[in-house]
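Report on the following structure.
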Amino acid sequence: MTETERLLKNSRPYLTVSADKKGGVLNHCYLIISDDETARRTLCRMVAKVALCPNGGCDECEVCEKINDGAYVALKINESEKISVDDVSELIEDSYFTGFDGDKKVYVVTDMQGMNEKAQNKFLKTLEEPPEDVVFILGASQQTAVLATILSRCKKLYFEGFTAAQIYGVLTEKTEEPDEETTRAATRAAVCGFGNLTRAKKLYDDSAFGEKFSLLVSVIRNLSSTKKLDGQLLRLKIDKSNIDGYLDIAETVFRLILAAERGAVEKGFEELDAMKGEYDYPTLVNILDLIIKCKRMSESNCNPQSIADALFIGILEVKYLCRK
Ligand SMILES: [Zn+2]
C-alpha cells in the first residue's frame with residue numbers, strides 16, 4: 001500500500017463507503033469531490049474495491065488481487081479528461097448487457113468535469129433507472145461541474161485535503177534518509193500545495209522551484225518604490241508559464257509570515273524570519289486579499305505582466321496605506 005492510500009483509508013469518503021458496505025446499504029451512485037486529481041482518482045479506485053471485495057476491501061482476497069492487477073472483469077475505470085456522448089452510450093450499453101462474475105459491477109468515472117452537458121444528460125437517464133447490481137463511482141474536481149439533476153441522484157462525498165505534514169510524508173516516502181536539501185524542498189512544496197497533493201508534487205518535481213521561491217522573497221524584500229519596481233520585476237522573467245507558480249509562492253510567503261505573528265516561522269522557511277517585523281496584521285490581510293484578486297485575474301487570462309504589476313504595485317500601496 002502506498003502512503004497516499006494509507007492516508008486516504010482514513011478519509012471521510014472512504015470511511016463512509018466502508019460503513020455503507022458493512023451495513024449492507026451500498027448506494028448505487030457515489031460522487032467524490034476533490035480538485036486534487038491524485039487524491040480523487042486514488043479514492044475512486046479504493047472505493048470501487050470496497051464495493052466489490054466480499055470483505056470490504058481487504059487487499060488479500062482473490063477479488064482484490066485481480067483488481068490490483070487491473071484484471072477484474074466487473075470493474076471498468078474511465079480516467080479520461082474528456083468524455084463524449086458516444087463514450088457514455090458505450091458505458092450504458094456495457095452496464096446493461098455485459099455479463100460478470102461476482103454479485104456486482106462497478107463503473108468508475110474519475111473526471112466528471114470532462115463530461116459535457118449533453119453527455120451528462122444522457123448519463124442521467126441511466127442513473128434514474130440504474131441496472132440492478134451496478135454501482136457507479138464518480139469523481140469531480142468541483143460540485144458545480146456536475147448537473148444538479150445528477151447530483152441529486154448521488155451520495156456526495158467531499159475530500160477535505162491533506163495536511164502539510166501528510167503531504168511531506170508522501171513526497172519523501174521513497175527517500176530513505178532525506179538530506180537537508182531534500183527535506184527543505186519537500187517541506188516547502190508540502191506547505192505551498194495548500195492541502196493539494198497533485199499541486200505539491202508538481203512543485204516538488206520542478207527543479208527550479210527552490211530558486212523561484214528565493215528569488216520572489218528577495219524581490220519582495222527589495223520592494224521600496226515604484227521607480228525601482230521594473231528592475232526588480234525583470235529578475236523574475238514573468239510569463240504565462242510561471243505567473244501562477246509565483247502567485248502560489250507569494251500567497252505562501254505572506255500566509256507564513258501571518259502565522260508567524262504568533263511564534264516562530266515554520267521550519268524550512270527561515271529566510272522569512274527577517275520579514276516578520278516589516279508587516280503588521282492589517283497589512284498582511286490586505287496583501288493576501290490582493291493575491292486572491294491577482295489569482296482571479298490569471299484565471300480570466302489577463303496579461304501576466306499586468307498581473308505582476310498589480311501585485312507588486314498593490315503591495316507597495318498597502319504597505320504605504322497601512323504604515324504606522
Ligand atoms: Zn478483498
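Nothing in this text is a laboratory measurement; each read-out follows from the coordinates by a stated rule. Bear in mind that the values here come from a model prediction, so they are computed numbers and not experimental data. Here Cβ is always computed from backbone atoms with ideal geometry, including for glycine, and neighbour counts include all displayed protein chains.
Sorted by average packing, counted as other Cβ atoms within 10 angstrom per residue and highest first, what order do 288-298, 12-22, 218-228, 243-253 take?
Taking the mean over residues of other Cβ atoms within 10 Å, the ranking is 243-253, 12-22, 288-298, 218-228.
Under a cut-off of 19 Å between alpha-carbon atoms, report the lysines in cross-link reach of Lys156, not counting same-chain residues fewer than 8 places apart.
Lys9, Lys21, Lys22, Lys49, Lys125
To the nearest 500 deg cm²/dmol, what mean residue ellipticity at 222 nm is calculated for the chain from DSSP H runs of n ≥ 4 alone, each contributing -39,500 (n - 2.57), summed and divided by the residues?
About -16500 deg cm²/dmol.
How high is the relative contact order of the chain, in percent, with contacts defined as C-alpha pairs under 8 Å that are six or more residues apart?
Numbers: 414 pairs, mean separation 52.2, N = 324.
The normalised contact order for the chain reaches 16 percent.
Suppose R0 equals 22 Å. What FRET efficiency, 1/(1 + (r/R0)^6) with r the Cβ-Cβ distance, do Ser80 and Ser214 give to the nearest 0.05?
For Ser80 and Ser214, the calculated efficiency is 0.05.
May I ask for the distance between the Cα centers of the range 69-121 and the range 138-180, given as a whole number of Å?
Between the Cα centre of the range 69-121 and that of the range 138-180, the gap is 21 Å.
Run the count for the range 208-321, please: Lys pairs, Cα-Cα under 15 angstrom, 8 or more apart or on different chains.
5
5 Å is the cut-off here: which amide hydrogens, built 1.01 Å from N in the peptide plane, fall below it relative to Lys155, excluding neighbours closer than 5 in sequence?
Hits under the 5 Å cutoff: Cys29, Tyr30, Leu31.
Would you look at the GNM of the chain, springs on alpha carbons closer than 10 Å, and say which of Ala186, Ala208, Ala39 moves the most?
Ala208
Near the amide H of Val108, under 5 Å away, which other amide H atoms are found, from residues 5 or more places off or on another chain, if H is placed in the peptide plane?
Correct list: Lys76, Ile77, Asn78, Ile137.
Cβ under 13 Å from Asn68's Cβ, Asn68 left aside: what net charge do those residues give with Lys, Arg +1 and Asp, Glu -1? Walk me through the numbers on the way to the answer.
Values: positive: Arg45, Lys49, Lys66; negative: Glu5, Asp59, Glu60, Glu62, Glu65, Asp69.
So the environment of Asn68 carries a net charge of -3.
Explain nothing, just compute: Karplus ³J(HN,Hα) = 6.51 cos²θ - 1.76 cosθ + 1.60, θ = phi - 60°, for every residue of the range 217-224 in order, whole Hz, x for Gly and Pro.
Each residue of the range 217-224 in turn: 4, 5, 4, 4, 5, 8, 5, 10 Hz.
Taking the Cβ of Asp94 as the centre, find all other residues whose Cβ is under 11 Å away and add up their charges (Lys, Arg: +1; Asp, Glu: -1).
Details: positive: Lys76, Lys105; negative: Asp87, Glu90, Glu93.
Combined, the nearby Lys, Arg, Asp and Glu give -1.
Assuming R0 = 45 Å, what is the FRET efficiency of Glu129 and Asp206, from their Cβ-Cβ distance, to the nearest 0.05?
Once rounded, the FRET efficiency stands at 0.40.
Calculate, in nm to one decimal, what Thr144 and Glu117 gain on full extension: separation in residues at 0.36 nm each, minus their alpha carbon distance.
Here the segment from Thr144 to Glu117 would lengthen by 8.5 nm.
For the chain, modelled as a GNM with alpha-carbon contacts under 10 angstrom, which of Glu176, Glu211, Glu271 fluctuates the most?
Glu176
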